[in-house]
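Structure record follows, encoded as structure tokens.
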Amino acid sequence: MKVALIGVGQAGGKITERLARFDADMGFGAVQGALAINSADADLQSLDIVDTQLIGADRVNGHGVGGDNELGTEVMQSDIQQVLGSLDGRVTSTAEAIFVVAGLGGGTGSGGAPVLVHHLQQVYDVPIYALGVLPGRNEGALYQANAGRSLKTLLREADSTLLIDNDSWHEQGESVEGAFETINEKIAQRVGLLFASGEAVEGVGESVVDSSEVINTLRAGGVAVLGYATEIASEDSGENITTAMSVSRQALLTGTSLPDATTADSALLVIAGRPDAIPRKGVEKSRRWLEDETGSMQVRGGDFPLDSDRLGALVLLGGAERSDRIEAFMERAREATEAQETESTDHADQFADDRLENLF
């Protein structure tokens, strides 16, 4: 799947860099162009292989917006023509989709990403997706409130929003910095494999996934979720039927980017491994199990030929916003927003409507 990546904010830039590097190292050729946008010049200077664009220089002088996502919205709005101009040559006619990547808890990413998605929709005739990272439970009220407003706005503007919960893919006992590194690495691997699995590979595999199947799975809109799991494969494909079922179950039930999100409007199952090790019967059994588990009749399945001694499963869910995890997060975001308002005013009527406001 040929994609263009645009990272917004510190986390968005780092993840975009990791994705571009993973794609280049693996030789997949899925990432056609990558740009990182930020209001903090120091964060851009730390990036090596992606192009960069500073915004808001006249407002914040390259020092960032300090977690203020309304200011992040304003600086993206004021510099949007400059940003769109910098995409010339980076978003080419070969791109089948554009992904705007951002951490939803900070200032520039959470405020700027929805603005950018909105304007990209008016310019480009390909799907505009968001890849958003939700803050963990312990990351503070400001980040929860920012992410709630940003997510609500992204869901309105993007064709689909692939969510990664910071609490889902880190290792127990890690430092905060170490946890972010682990999460970014896992995002790059999993999302990078999703992009690559949408690349048609001629003459290999029996039922190779192509980009249209990824796009059709995401056509449901709303929240998208990505799951992943692997196990050592047997040399004989017939012995891998149980393995294919096992990794498919793990990918959905314990390995997703948004834990406990299993109900979806559509789904895509990709079994990755050596073509001679992928069990046809195992893929079909796993696909039927996924239909039952997600409650969706739109479950696509296929192979991703990959030279590996392991068998892997990627599960992509589309229209997965009917999730207890999403409800719990949005409630957390509302409470954080109310707490911030309580600090600034004593007027009880401010809480007559507790719904989160759109950013713009």
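Points worth noting:
- Between ASP88 and LYS281, the FRET efficiency estimated from the beta carbon spacing at R0 = 51 angstrom works out to 0.55.
- Note on exposure: SER46, SER266 ranked by accessible area (1.4 Å probe, complete protein assembly) read SER46, SER266, with the most exposed listed first.
- With the highest mean first, a sort of the peptides 68-75, 273-280, 287-294 on other beta-carbon atoms found within 10 angstrom per residue produces 68-75, 273-280, 287-294.
- Placing SER93, SER86 in order of accessible area, with the largest value first and a 1.4 Å probe, yields SER93, SER86.
- Accessible solvent surface per residue of the chain, calculated while the other protein chains remain in place, 1.4 angstrom probe, Å²: 41
- Under 5 Å, built H, 5+ apart or other chain: amide partners of GLY255: TYR228
- Segment 251-321 and segment 92-137 have Cα centres spaced 25 Å apart.
- Positive-end ranking of ALA130, ALA24, LEU54 along the dipole of segment 1-131, with charges on Cβ about the Cα centre, is headed by ALA24.
- DSSP beta bridge pairing in the chain, given as percent antiparallel to the nearest 5: 30
- Cβ crowding within 10 Å averaged over residues, with 37-44, 306-313, 106-113 ranked highest first: 106-113, 37-44, 306-313
- DSSP assigns beta bridges within segment 218-360; of those with both partners inside it, close to 70 percent run antiparallel.
- Take the Cα of TYR124, go 7 Å toward its beta carbon, and none of the backbone nitrogen atoms of segment 39-79 fall under 12 Å from that spot.
- Pair-distance profile P(r), taking every C-alpha pair of segment 254-302, with 10 angstrom steps and integer %: 26, 50, 23, 1
- Here the scattering of the chain is modelled by Debye summation over its C-alpha atoms, one equal scatterer each and no solvent; at q = 0.10 Å⁻¹ the log10 of I(q)/I(0) is -0.59.
- Using C-alpha pairs below 8 Å separated by at least 6 residues, the relative contact order for the chain is 16 percent.
- Segment 212-342: proportion of alpha-carbon pairs further apart than 27 angstrom, %: 25
- Counting only lysines at least 8 places from LYS14 when in the same chain, those with an alpha carbon closer than 30 Å to its own are LYS2, LYS152, LYS186.
The values are calculated or read from the model by the stated rules, or taken from the named source; none is laboratory data. Predicted, not measured: the structure shown is a model, and the values here were computed from it. Virtual Cβ from ideal backbone geometry, glycine too; neighbours counted across all protein chains shown. When the accessible area is computed, the model is the full protein with side chains, heavy atoms only, and any ligands, DNA or RNA have been set aside. Shrake-Rupley method; radii C 1.70, N 1.55, O 1.52, S 1.80 Å.
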